[in-house]
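J.: One structure is given below, represented as structure tokens, and several questions about it will come after.
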Amino acid sequence: MLNGFLYFVVLFFLLFSLVKDGKKTKMALKKAWKSMMKNIMMIMGMMILMGVVFKVIDPETIGSFFGKESGLFGIFAGLGIGSFAFIPSFIAFPLGAQLIENGAGYPQVAGFISSLMGVGLISITMEVEYFGKQAAITRNAFAVLASVVFVVLVGVII
């Protein structure tokens, strides 16, 4: 129901844009199409890689690192791997679902996903360049803290 409504809203504004300035709208649609086609190969590659990883790594291995019985080790493993990994959100969330389906615990996956989305140890050099050392370190420190709070909340709730 909500999807249908959102499609209707997008279609309405697209038609409104076509009426207002058809040339700019067509140019924007062409740019969007080119961007999508450029990114689709990257997305497909990441999805194939995710599939291969889950075929190669058996559920027992996933359970030992992120399983419910892994406790604090699994939580810290999730936080650590997530802090260093560089995976876009459209891959991270399905990956989290796959981890849970393969025996991972909710707090462990929560630590992985939240640190993956918030902490950027791989990109910290770029952050330092654009925002300065103090801002980059402060932001990452708060992201780690927020991830830990999120893990605690998930552990209490679930």
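J.: Can you list residue pairs whose Cβ atoms sit under 8 Å apart, with the first residue in the stretch 100-116 being without any contact (Cβ under 8 Å) to a residue 24 or more places away in the chain and the second being among the hydroxyl-bearing types (Ser, Thr, Tyr)? Count only pairs 6 or more apart in sequence or on different chains.
T.: Matching pairs, first to second residue: 100/106.
J.: Within the stretch 130-139, is even one residue closer than 16 Å to residue 79 by Cα, free of Cβ contacts under 8 Å to residues at least 60 places away in the same chain and either over 17 Å from the mean Cα position of the chain (by Cα) or surrounded by 18 or more Cβ atoms within 10 Å (Cβ to Cβ) (or both)? Give the derivation first.
T.: Here is the first cut: in the stretch 130-139, the ones closer than 16 Å to residue 79 by Cα are 139.
Next, only the ones that are free of Cβ contacts under 8 Å to residues at least 60 places away in the same chain stay: 139.
Now narrow it down to the ones that are either over 17 Å from the mean Cα position of the chain (by Cα) or surrounded by 18 or more Cβ atoms within 10 Å (Cβ to Cβ) (or both): 139.
Checked the stretch 130-139: at least one residue is closer than 16 Å to residue 79 by Cα, free of Cβ contacts under 8 Å to residues at least 60 places away in the same chain and either over 17 Å from the mean Cα position of the chain (by Cα) or surrounded by 18 or more Cβ atoms within 10 Å (Cβ to Cβ) (or both).
J.: So, one more: Of the conditions (1) outside the structural domain of residue 152 (by TED's automatic domain parsing); (2) surrounded by 10 or more Cβ atoms within 10 Å (Cβ to Cβ), residue 38 clears all except one; give me its number.
T.: (2) is the only condition that residue 38 fails.
The values are calculated or read from the model by the stated rules, or taken from the named source; none is laboratory data. Bear in mind the structure is a predicted one, so any value in this text is a computation, not a measurement. For neighbour counting, all protein chains shown are included, and Cβ atoms are generated from backbone atoms with ideal geometry for every residue, glycine included.
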